[in-house]
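Q: Before anything else, here's the structure in question.
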Amino acid sequence: MDKRAELRVKALKDLQSSEVLMLDGHFDYGNGYHGRAYLNAHLLFRHPSTIWQFAQDLIDLLPGDLLQRVEVVAGPVTGGALLAHTIAGLMDSRRSLTHPRCLFAPFTLRQDGELTLRSFYRREIAGKRVLVVDDVRNTGDTLARCGGLVAAADGIVLATAEIYDRLESIHDLGVPNFALAEYKAPENFPKAGCPLCAASVPITEF
């Protein structure tokens, strides 16, 4: 097993042992669906040292030439932005002192719930090479929307990355994607037809 494979196996175990990744519950995702698996971002970001550990491991998975080319690390609030900020700082610590410092850009939410990029960050991103990150990739829709905002600001998406990939993505940005941990989550169920509800399994609280 090579180093990258070892990192992925260790990360999946660490996510489960810290109860960040819960695989045997009954979760209401708040979008009309229920399921057995959930990534608890609150626990992931509760201790800054935890996200630093996972961010460093994720950086170790990225190709060296990509790390040298990235000028901006961007991510959606809240988890993706916190991860992006951490990765941007750690990348600077791994590059030469003469290398231009990495920029950070958060995608925020408008009142209508749509992601946006404030004008200050649009100016910062224009003409620059961007790594888009998030804490988890589900269908890939969030990363795709972020990529569209980068393109609209005349930035260039080099790659996407996340801590945990549910292996359910249906959106392709046409750039490489890197996941620290991968796990094919069990099937999700419409709330009205949830077999866990039918079996009177209580909703997992945390």
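Q: Grab the chain and count how many Lys pairs have their alpha-carbon atoms under 29 Å apart, sequence gap of 8 or more, or different chains.
A: Pairs that pass both the separation and distance tests number 4.
Q: What percent antiparallel are the DSSP beta bridges of the stretch 12-139, to the nearest 5?
A: 45
Q: Mind sorting out which of (i) 52, 41, 28; (ii) 55, 35, 30; (iii) 60, 43, 30 is the real Cα extents along the principal axes in Å computed from the coordinates?
A: (iii)
Q: Turning to a different aspect of this structure: Strictly under 4.7 angstrom between C-beta atoms: which cysteines of the chain have no such partner?
A: If one checks each Cβ against the other cysteines of the chain, Cys102, Cys146 turn up with nothing under 4.7 Å.
Q: Which of the GluC sites (Glu not before Pro) found in the stretch 168-206 are loop residues per DSSP with 13 or fewer other Cβ atoms within 10 Å of their Cβ?
A: Answer by residue number: Glu168, Glu187, Glu205.
Q: Enter the angle in degrees (range 0 to 90, nearest 10) between the Cα long axis of helix 79-94 and the first principal axis of the Cα atoms of the chain, meaning the one along which they spread out most.
A: 40
Q: While we're on this one: Would you look at the GNM of the chain, springs on alpha carbons closer than 10 Å, and say which of Gln56, Gln68, Gln111 moves the most?
A: Gln111
Q: Compute the acute angle (0 to 90°) between the alpha-carbon long axis of helix 3-17 and the principal axis of greatest extent of the alpha-carbon atoms of the chain; round to the nearest 10°.
A: 50
Q: Could you state the angle between the C-alpha long axis of helix 48-61 and the longest principal axis of the C-alpha atoms of the chain, as a value from 0 to 90 degrees rounded to the nearest 10?
A: On a 0 to 90 degree scale, this one is about 70.
Q: Separation between the Glu182 and Arg94 pseudo-spin-labels, each 7 Å from Cα along Cα→Cβ, expressed in nm?
A: 1.9
Q: Cut-off 10 angstrom, C-alpha nodes, Gaussian network model of the chain. Which of Tyr183, Tyr164, Tyr33 fluctuates the most?
A: Greatest mean-square fluctuation among the candidates belongs to Tyr33.
Q: Net charge near Leu196: determine it from the other residues with C-beta under 12 Å of the C-beta of Leu196, scoring Lys and Arg +1 and Asp and Glu -1.
A: -1
Q: For the chain, what is the mean residue ellipticity at 222 nm derived from helices alone (per DSSP H run of n ≥ 4: -39500 (n - 2.57); sum divided by total residues; nearest 500 deg cm²/dmol)?
A: -11500 deg cm²/dmol
Q: Just to confirm, what accessible area per residue do you get for the stretch 90-196 at 1.4 Å probe, in whole Å²?
A: Spelled out: the 1.4 Å probe surface of the stretch 90-196, per residue, equals 52 Å².
Q: Shifting gears a bit: Go ahead and set up a Gaussian network model of the chain, Cα springs under 10 Å, then flag whichever of Leu109, Leu44, Leu117 fluctuates most.
A: Of the options given, Leu109 has the highest mean-square fluctuation.
The values are calculated or read from the model by the stated rules, or taken from the named source; none is laboratory data. All values derive from a computational prediction rather than experimental measurement. Counting neighbours? That spans all protein chains shown, and the Cβs are built from the backbone with ideal geometry, glycine included. Heavy atoms of the whole protein, side chains included, go into the accessibility calculation; ligands, DNA and RNA do not. Shrake-Rupley method; radii C 1.70, N 1.55, O 1.52, S 1.80 Å.
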